[in-house]
Amino acid sequence: MSNLIGKTLGAAGLLVTLLMAGSINAEPVHPYADPLQFGDHVVDVDAMLERAFRRAKWTLVKESDTDYSGELSYKGFDIRVQIAVGEKALILTLDSVTSSSCTSQCRDLGEKRVLAWVLSLRRNISYVLTSLVRDSLQREIDQTSQPNTPPASRL
Amino acid sequence: MKRILILVLFGWAAGALAEPAPLVVNTSKSGRASVDTISAVHLEIPTGTTDLKKIRLGIVDGMMLTKGRVWTYEGEGDGYILARFDYRGLIIVIRIEYDQDLVQLKYYRASKGLECSNLQPDGICYKNHRNYYNYTKNLRASIIRQLRVVSGGVTT
């Protein structure tokens, strides 16, 4: 019985926390792990990711319809990230970092560099997404003013 | 599976009601920035049009054309768009709330060093590092410009 009450209170606490998160979020933002929501603005996620990875100079590997991986070999570091794509959002996670040249002495410096490169990748994805959202909103307005025009192909 | 659950929960949690309102700074509260500083970021912006599609376009155009560093799209919900600023490891996420009359910038999240130390329940940040106000006021100024463009007030 007490276990059931505990679970109920726990669920209620989670619910309140999530509802509060909608308006104000006291937690510091994570550099790259927050979900990137693309909503209905992006039809072709493959094309969006390819464009973003090209800009960031990373290599994109499609593993399934919802899973991608990204690789970067740069300045002695081999970095691998995973991208999970949901129906309307995606999440970037750091999978592995290996370095042949870096010892424990440069570990701190290495962490900062790796973080900066992963952050740069995420920023490139969100930049491409922003331009797609912008184009999508412009098309909505154009279609409203010219209702008989067929929709343009979306990226 | 866990990551998909996080995606679903995040989308649901960010869906709380959003509503811009005229800014009233409580001057009796201590530990806050000046009224001018707070207003430079959080003062409401008249939309100049009642067309919500044009307002959303004006906001996203404003994000992309901000002086200096571009603000990027993080997602949106009913009546708001999330905009993120990244610069040398500093991150600010602003919740840009809008309706047919007003647009207003609200604090949402930030990285360490730019977290709001006096956050009001309505999302107005009374106290933060000066960089928060400097970076974010550029976004507000850019949105004002682009709202004028989309509403037909000026041409670029």
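Considering each residue of the range A:35-44 in turn, at least one proves to be within 20 Å of residue A:116 (Cα to Cα) and modelled with pLDDT of 85 or more. Look at (1) without any contact (Cβ under 8 Å) to a residue 24 or more places away in the chain; (2) more than 13 Å from chain A (Cβ to nearest Cβ); (3) in a strand (DSSP E or B) and you find that residue B:134 fails only one, number (3).
Conditions tested, residue by residue: (1) among the hydroxyl-bearing types (Ser, Thr, Tyr); (2) within 23 Å of residue A:38 (Cβ to Cβ); (3) facing chain A (nearest Cβ under 10 Å).
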site	(1), (2), (3)
B:84	no, yes, yes
B:93	no, yes, yes
B:102	no, no, no
B:110	no, yes, yes
B:123	no, no, yes
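Residue B:100 meets the conditions (1) over 17 Å from residue B:148 (Cα atoms); (2) touching a residue at least 24 places away in the same chain (Cβ under 8 Å); (3) surrounded by fewer than 23 Cβ atoms within 10 Å (Cβ to Cβ) in every case but one. The failed one is (1). If you filter the range B:47-63 down to residues that are within 13 Å of the chain's Cα centre (by Cα) and at the interface with chain A (Cβ under 8 Å from one of its Cβ atoms), you find that the one that is farthest from residue A:143 (Cα to Cα) is B:63. In the range A:59-88, the qualifying residues are those that are of a type in the set (A, V, I, L, M, F, W, C) and under 12 Å from the mean Cα position of the chain (by Cα), and the one that is farthest from residue A:112 (Cα to Cα) is A:85. Take residue A:136 and decide whether it is at pLDDT 95 or above, assigned to a helix (DSSP H, G or I), within 17 Å of residue A:30 (Cβ to Cβ) and not hydrophobic (A, V, I, L, M, F, W, C). No: the conditions fail for residue A:136.
The values are calculated or read from the model by the stated rules, or taken from the named source; none is laboratory data. What you see is a predicted model; the values in this text were computed from it and never measured. Backbone-built Cβ (ideal geometry, glycine too); neighbour counts: all protein chains shown.
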